[in-house]
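S.K.: Handing you this structure, nothing more for now.
The values are calculated or read from the model by the stated rules, or taken from the named source; none is laboratory data. Bear in mind the structure is a predicted one, so any value in this text is a computation, not a measurement. No Cβ is skipped: glycine too gets one built from the backbone with ideal geometry, and neighbour counts run over all protein chains shown. The protein model used for the area step is the full one, side chains on, heavy atoms only, and it has no ligands, DNA or RNA in it. Shrake-Rupley method; radii C 1.70, N 1.55, O 1.52, S 1.80 Å.
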Amino acid sequence: MESQPESPLDLPQEPPREPILTLPGALTAYVGLIAVVHLRVLLPPELENWTIDVFGFIPKRYDSTLLDVTFPGGAGAKIWTFVTYSLLHANLSHIGFNVLWLLPFGSALARRFGGFRFFVFMAVTATAGALAHLLTHEHAIAPMIGASASVSGTMAAAIRFAFVKGSFLSFNRGDADEAARVPALSLMHALRDRRVVGFLGVWFGVNVIFGVGSIAIGLDGGSVAWQAHIGGFLAGLMLFSLFDPVPRAALHAADASSPDRSASD
């Protein structure tokens with residue numbers, strides 16, 4: 001009797017595995033917004049400079065001792081520029097550098113938070129970066145622009161779960177959505193993880209080198225506002241739990257963040 005070929009329905013089905021760096025909708029929209037805003041470079045020079053003055057973050061705008069100095073945008077600009085500066089960039093390489101870091105960290109965070117939380121988080125970390133820049137550059141008249149403070153915030157928030165077993169920086173991970181929704185470590189446990197501490201050390205070291213050494217990447221020789229980076233980073237690290245919708249793991253489950261071990265251990 002001739003055997004019949006197996007139906008495809010009889011074969012074991014493997015769940016589809018989404019590539020780990022496929023951009024979620026919220027991050028795609030954020031990058032698209034930055035790209036649209038950057039079309040300002042097509043404006044005449046006077047209008048382009050006006051957009052920087054109105055939407056860039058200028059510390060001197062808040063200097064009450066200089067009552068005779070006015071800036072475009074009036075009182076409203078004192079509010080919206082805490083966020084809008086983060087959508088402006090000097091050039092395409094400036095955008096590319098920020099997007100490069102957003103690919104792994106921002107993708108994971110956007111999947112975990114969802115669109116609304118993600119955009120609020122980006123605004124909060126941008127504000128924290130602006131505050132740090134204001135405190136350290138009280139009388140500066142040069143506008144600060146760029147999403148680096150928010151990017152730094154996403155990196156800090158993501159390391160709260162990035163090394164947990166099954167997450168996107170672990171050696172044993174599921175698809176992108178599963179990797180983004182593993183239970184996070186508490187802040188205290190994260191700061192006791194040697195990989196998190198190592199990441200923090202390298203990140204702070206690189207930013208200090210960029211700042212003190214005046215190394216500018218993609219900024220046409222402009223200085224790096226590294227204090228704003230640190231402000232955004234600290235905000236992302238400490239405020240992560242306020243945005244995180246994933247239930248916190250029990251202590252023994254969170255300890256699964258330790259390096260993967262072989263079966264013989």
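S.K.: Got a number for residues in the range 74-88 being open to solvent by less than 50 Å² (accessible area, probe 1.4 Å) and modelled with pLDDT of 90 or more?
M.R.: Total satisfying the criteria: 9.
S.K.: So which residues in the range 69-126 are outside any helix (DSSP H, G or I) and under 30 Å from residue 46 (Cβ atoms)?
M.R.: 69, 70, 71, 72, 73, 88, 89, 90, 91
S.K.: Right, another one. Take the residues in the range 91-131 that are among the polar types (S, T, N, Q) and under 15 Å from residue 27 (Cβ atoms); name whichever of them is surrounded by the fewest Cβ atoms within 10 Å (Cβ to Cβ).
M.R.: 98
S.K.: Sticking with this one: For the range 168-213: of the residues being closer than 17 Å to residue 101 by Cβ and assigned to a loop (DSSP other than H, G, I, E, B), which is modelled with the highest pLDDT?
M.R.: Going through the qualifying residues, I end up with 168.
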